[in-house]
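Everything on this sheet refers to the single structure shown next.
Every read-out reported here was derived from the displayed coordinates using simple, explicitly stated rules and does not represent laboratory data. From a predicted model like this one, the values you see are computed outputs, not experimental measurements. For neighbour counting, all protein chains shown are included, and Cβ atoms are generated from backbone atoms with ideal geometry for every residue, glycine included.
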Amino acid sequence: MKIQSIRGVKDILPGDIEKWQWVEEIARNVFSKYGFREIRLPIFENTKLFSKSIGETTDIVEKEMYTFEDRSGEQITLRPEGTASVVRAYIEHKMYNPPSVVKLYYMGPMFRYERPQAGRFRQFYQIGIEAMGTDNPTVDVEVMTLLIEFFRQLGLTELELQINSLGCADCRPKYRETLKDAIRGHLDELCQNCNQRYERNPLRVLDCKVERDRKIAQDLPKTKDHLCESCTTNFDQVQALLSSTSTPYSLNPLLVRGLDYYSRTTFEVVSTSLGSQNAICGGGRYDSLVEEFDGPPTPCFGFALGMERLISVIPFDDKIDLETRPDIFVVGLGEEAKSVTFKLIHDLRRGGFSVDQDYAGGSMKSQMRKANKSRSRFTLIVGENEIKSGKYLLKDMENSSQNEVSAQDLPQALREQLAKPVEP
Ligand code: HAM
């Protein structure tokens with residue numbers, strides 16, 4: 001019986017995984033410099049956590065969640081994103097005590113039942129950041145500049161930071177009505193989806209992907225022109241701070257995001273080299289979500305980036321060695337050698353060397369072929385004569401020179417030779 005992986009889900013194989021590990025290592029490094037610490041979250045949660053936070057009328061909740069009933073009848077959902085879980089954990093573990101800004105990051109798989117296409121999967125991986133406990137615009141900008149620094153270290157410069165402000169609980173309801181009034185006259189021309197959005201989630205009409213709707217959206221009222229005084233000041237401060245760090249950005253008044261919890265600053269980073277799924281990263285401020293789950297007032301700011309999309313735009317060139325090379329390949333010849341090499345390999349690994357061998361044994365020629373294929377730095381030949389004399393043949397695979405080394409001296413000799421730069 002042949003079973004294949006599920007549509008929209010993929011394996012990340014050796015050869016690719018090194019790219020992922022490299023990106024994750026840089027992320028951890030950069031994030032820790034900005035004071036963020038890792039949180040590991042469950043992959044499934046109570047369904048209500050996501051429907052309430054992301055919003056009942058969003059595409060994610062209406063069409064994309066993997067929801068099932070577990071054996072005790074509880075409604076469970078495979079997490080479509082990480083922010084809701086961070087908020088739940090923050091409240092559950094009273095992370096607001098003592099009061100301070102809590103800075104967290106997470107990495108892991110998310111699940112959305114979307115139509116798979118280039119850059120869009122049903123299981124995809126995110127790296128996310130959440131700064132919880134302040135509405136200071138400094139944090140908005142610090143998190144966005146952290147992201148830009150992360151991208152810089154990955155060698156990415158062709159990315160565009162787009163920002164917008166969605167207003168707050170004071171100004172958004174009024175704007176929503178103004179927007180609905182303006183949309184009403186276009187309902188005949190707008191797509192079926194937007195006709196539904198008009199009643200339930202009119203802001204989403206602004207970022208519809210249908211060409212005709214996009215043209216109409218251009219002339220609809222924008223949030224930025226309907227912000228209250230405090231949101232206007234806040235957005236001005238965000239822009240001034242971004243400019244003070246010379247971070248290039250553009251204003252995108254059509255940027256509304258597909259999750260309902262946002263207020264004030266929202267942003268996306270898009271890649272000009274990707275097709276329709278060009279958003280590498282999205283995020284923004286969500287000031288009332290913690291309170292909506294009965295936590296204390298806790299304004300927050302965060303983002304999540306899609307690993308598959310990010311990796312696809314990184315110019316890897318020869319940035320990292322994608323193949324792991326063993327330090328030494330041990331060739332054992334003859335029956336007696338088997339037990340000697342077994343113990344030798346065990347000791348070498350314990351001594352800190354990466355070691356490989358040909359488990360099938362076989363002739364010198366076939367084992368040397370495997371050694372070459374492994375691209376090991378050295379090969380150690382252990383045959384009958386070597387066992388008798390107690391001296392093994394150590395071959396430098398870069399320049400084919402060889403010399404005899406006793407088992408006792410081997411670790412030291414290897415250490416010295418590995419430390420030497422390879423001659424061109
Ligand atoms: P989001 O915009 O839904 O935001 O997702 C963030 C990123 O995840 C997207 O920009 C994209 O790169 C990636 N992504 C989303 N769906 C898929 C998919 N089906 N296949 C591949 N990649 C995908 C959030 O998830 C928010 N929780 C971000 C946030 C954190 N806001 C505040 N804090």
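Here are some notes:
- Extension gain for K48 to E160 (0.36 nm times residue separation, less C-alpha to C-alpha distance): 36.9 nm.
- Rounded to two decimals, the Cα-based Rg/Rh of the range 135-292, with Kirkwood Rh, is 0.97.
- Average 1/r across all pairs of distinct alpha carbons in the range 214-296, invert it, and you get the Kirkwood radius: 14.9 Å.
- Hull volume in cubic angstrom per residue (convex hull over the Cα atoms of the chain): 215
- Nearest 10 degrees, 0 to 90: helix 137-153 Cα axis against the chain principal axis: 30
- Top of Y66, Y359, Y34 by mean-square fluctuation, Gaussian network on the chain, Cα under 10 Å: Y359
- Percent of Cα-Cα distances greater than 24 Å, calculated over the range 59-203: 57
- A Gaussian network model of the chain, with springs between Cα atoms under 10 Å, assigns the largest mean-square fluctuation among A407, A217, A182 to A407.
- Cβ-Cβ FRET estimate between E189 and K343, R0 fixed at 60 Å, reported to 0.05: 0.15
- Share of pairwise Cα separations in the range 52-94, more than 11 Å, in percent: 71
- Expressed as a fraction of 2.2 N^0.38 Å, the value expected for a compact globular protein of N residues, the C-alpha radius of gyration of the range 1-65 is 1.61.
- Over the range 264-371: Kirkwood hydrodynamic radius from C-alpha pairwise inverse distances, Å: 19.5
- Cross-linked pairs K63/K103; K319/K343; K391/K420: Cα-Cα separations exceed 27 Å for K63/K103; K319/K343.
- Gyration tensor verdict on the range 72-121 (Cα atoms; rounded if a/c is under 1.5, prolate if a/b is larger than b/c, oblate otherwise): oblate
- When the convex hull of its Cα atoms is viewed from all sides, the range 385-424 shows a mean projected area of 2.9 nm².
- Relative contact order (percent, whole number), the range 220-310, Cα cutoff 8 Å, 6+ residue spacing: 19
- With 10 Å bins beginning at zero, the pair-distance distribution over Cα atoms of the range 189-241 amounts to 23, 38, 26, 13, 0 %.
- Cleavage-rule hits (GluC sites (Glu not before Pro)) in the range 317-424: DSSP loop, at most 10 neighbouring Cβ within 10 angstrom: E323
- With q set to 0.19 Å⁻¹, the log10 of I(q)/I(0) for the range 324-364, from the Debye formula over equal scatterers at the Cα positions, is -0.53.
- Long-range tail of P(r) for the range 148-229 (Cα pairs > 19 Å, %): 46
- For the range 145-255, relative contact order (Cα pairs under 8 Å, six or more residues apart, normalised by length) works out to 42 percent.
- Estimated vicinal HN-Hα couplings, Hz - the range 302-308 in sequence order (Karplus 6.51, -1.76, 1.60; Gly, Pro = x): x, 8, 9, 10, x, 4, 4
- Virtual paramagnetic centre 7 Å along Cα→Cβ of Y66, amide N under 18 Å, in the range 1-37: 3-13
- Its residue count N fixes a reference of 2.2 N^0.38 Å for the range 115-169, and the Cα radius of gyration divided by that reference is 1.46.
- Entry note: the range 286-327 has Rg to Rh equal to 1.39, where both radii use alpha-carbon atoms and Rh is the Kirkwood radius.
- Folded to 0 to 90 degrees: helix 17-33 orientation relative to the chain principal axis, Cα: 60
- Scanning the chain for trypsin sites (Lys or Arg not before Pro) in DSSP loops with at most 15 neighbouring Cβ atoms within 10 Å leaves 95-208 as the longest stretch between them.
- For the range 88-222: relative contact order, % (alpha-carbon pairs under 8 angstrom, 6 or more apart): 14
- Global geometry of the range 1-118, whether rounded, prolate or oblate, following the gyration tensor of its Cα atoms and the 1.5 cut on a/c: oblate
- Axis of helix 172-184 versus longest Cα principal axis of the chain: the two differ by about 80°, to the nearest ten degrees.
- As a ratio to 2.2 N^0.38 Å, the alpha-carbon radius of gyration computed for the range 304-424 takes the value 1.27.
- When the chain is treated as a Gaussian network with alpha carbon springs shorter than 10 Å, the biggest mean-square fluctuation among S400, S51, S288 belongs to S400.
- The helix-only estimate of mean residue ellipticity at 222 nm for the chain, built from DSSP H runs of length n ≥ 4 each weighted as -39500 (n - 2.57), is -11000 deg cm²/dmol after division by the residue total.
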